[in-house]
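Beneath this line is the structure, given in structure tokens, with notes to follow.
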Amino acid sequence: MIGRMPCDEIAADALGIVALPADAPERLRAEAHARTCAACARALAEARQMLAMLDAAAPPPPSPAALARAA
């Protein structure tokens, strides 16, 4: 999207936006907008928390079938 990102787009895509590289144009626009919009700042902050929780979560152990195939 060129120009200003509307609030509904930021709210809908917050997790994807914060997962983008720090220099991605979409992320830069969303973060710039969030500096003047409390709702978007909150949406991005919540998305950052969710991403941190996902990053911290341990992957599930392999299934018995996967272990049997590997053996």
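Rule-based calculations on the coordinates, nothing more; no lab input. Everything numeric in this text was worked out from a predicted model, so none of it was measured. Cβ: placed from backbone, ideal geometry, glycine included. Neighbour counts: every protein chain shown.
The table that follows gives values for the structure above.
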{"quantity": "CD proxy at 222 nm, helix term only [per DSSP H run n ≥ 4: -39500 (n - 2.57); per residue of the chain; nearest 500]", "calculated": "-21500 deg cm²/dmol"}
{"quantity": "Loop-located trypsin sites (Lys or Arg not before Pro) in the chain whose Cβ has at most 16 other Cβ within 10 Å (DSSP)", "calculated": "R4, R35"}
{"quantity": "Total charge dipole magnitude, the chain, about the Cα centre, Cβ charges on Lys, Arg, Asp, Glu only, Debye to nearest 20", "calculated": "100"}
{"quantity": "Between 0 and 90°, nearest 10: helix 7-19 axis offset from the chain longest Cα axis", "calculated": "40"}
